[in-house]
Every structure is written in structure tokens, then in C-alpha cells.
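First the structure, in the form of C-alpha cells, and then the observations on it.
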Amino acid sequence: MRRSPKSLPEKLYASSIHWEGWTFQVLSSPSGLRLVDLEGASFAALADRLGARVVPDDDPNATILAQLREYLRGARRSFDLPLDLRGTPFQIAVWREVEKIPYGSLRTYADIAQAIGRPTATRAVGQAVGANLVPLVVPCHRVVGTSGDLTGYRGGLPLKERLLALEKGSLSL
């Protein structure tokens, strides 16, 4: 019996971007942006996490990096990038709704649940928002608790506060 050759792990292109003391790792596939890591994880750790082969290469990420830099300078309000989103149909519906939140605006988890036609799924919406692999581009920092309080953020609340301040055009909230 002949064994089929093991398929190689998917190849993802990796880049880093630095902003105000934070380091973000960007991974893309030929289909589009796959991940923006806000915690500065190593490329090796991200490769393990995604089960992929991560190759440092800024060229395939040039447009992504340019748009992220423009956003972080306050010169871009929305992104025009192909996304390679991986998730359940529910997660993708949540992320597509989060993408619609205008620059400088906030929505609650309940608002998102209502918008996707699942008004009782607020907790599940929160979990889907937390599973977003392309923060900044799918702006989950614009989602807040029902009371308007800032809630958890993968990059930490100081980063969430800073991003919201950037969008308000000020350095502090």
C-alpha cells in the first residue's frame, strides 16, 4: 500500500509593525490578511498556534502594512484589504457586522447581536468578537459592554483605550 505524501503546512507571510511601544505581527495568505497579533507573539509561536509555516516577508504584506500604518497615523478611517477569515458562520457574521462600525463610533455586544438577528446571543457575540483574528481591520476595539464600559481586548485595555483615542483625534479619553 502506497502512502500519500504528507501535505506541507500552509505558508503564511509574516511582517511586524511597531507603534507607540506596541509590536503587532501580521500574517497573510495568498487569499488575504489572516491574522493581526496585538500581543507581539513570535512568528514561531504564531506558526504553532495556526499549524502553518510562517515565512518573514514584507513584500506580500506591503499593502496591508501601508494601510495599517496610515490607520495608526490617523490618516485612514477604513481598510480596503482582502481578508482570509477563518471561523464558524456565526463568527463570520459577527465579524462582518463589526466591520461596519464607523470610525470613531462604538457599538455594544447587544447592538451586534441585534444587527445579526440574534438578539439573545449577546454572550456568544462577545466570544466571537474575542476570537477575531484581524483586529484593527475588523475593529473589535469599537465594541463595548452594554453599560458603555470598555471590556476585554486581546491587546489589553490600554491599547483599546489608545485606539479609541486615536479615532477621537486626541491622546487621551
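Annotation: of all residues in region 87-136 being part of a loop (DSSP other than H, G, I, E, B) and among the β-branched types (V, I, T), the one that is nearest to D149 (Cα to Cα) is I101.
Each row is one residue, and each column tells you yes or no for (1) within 28 Å of L12 (Cβ to Cβ); (2) aromatic (F, W, Y); (3) within 14 Å of the chain's Cα centre (by Cα).
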position	(1), (2), (3)
T108	no, no, no
T122	no, no, no
V125	yes, no, no
A128	yes, no, yes
A131	yes, no, yes
C140	yes, no, yes
G145	no, no, no
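Can you tell me which residue in region 8-56 is surrounded by the most Cβ atoms within 10 Å (Cβ to Cβ), limited to those that are polar (S, T, N, Q), out of contact with any Ser or Thr (no Cβ under 9 Å at 6 or more places or on another chain) and in contact (Cβ under 8 Å) with a residue 40 or more places away in the chain? Reasoning before the result, please.
Quick first cut of region 8-56, residues polar (S, T, N, Q) only: 15-16, 23, 25, 28-29, 31, 42.
Now narrow it down to the ones that are out of contact with any Ser or Thr (no Cβ under 9 Å at 6 or more places or on another chain): 29, 31, 42.
Of the ones still in play, those that are also in contact (Cβ under 8 Å) with a residue 40 or more places away in the chain are 29, 31.
On the way: S29: 17, S31: 10.
Result: S29.
The number of residues in region 72-121 that are more than 29 Å from N61 (Cβ to Cβ), among the hydroxyl-bearing types (S, T, Y) and surrounded by fewer than 17 Cβ atoms within 10 Å (Cβ to Cβ) comes to 1.
Considering the conditions (1) out of contact with any strand residue (DSSP E or B) (no Cβ under 9 Å at 6 or more places or on another chain); (2) farther than 17 Å from L133 by Cα; (3) at pLDDT 95 or above, P89 is excluded by exactly one of them, (2). Which of the residues that make up region 124-142 are β-branched (V, I, T) and either without any contact (Cβ under 8 Å) to a residue 24 or more places away in the chain or touching a Cys at 6+ places or on another chain (Cβ under 6 Å) (or both)? Correct list: V129 only.
The values are calculated or read from the model by the stated rules, or taken from the named source; none is laboratory data. The structure presented is a predicted model; accordingly, all values stated were derived computationally and were not measured. Note: ideal-geometry Cβ built from the backbone for every residue, glycine included; neighbour counts use all protein chains shown.
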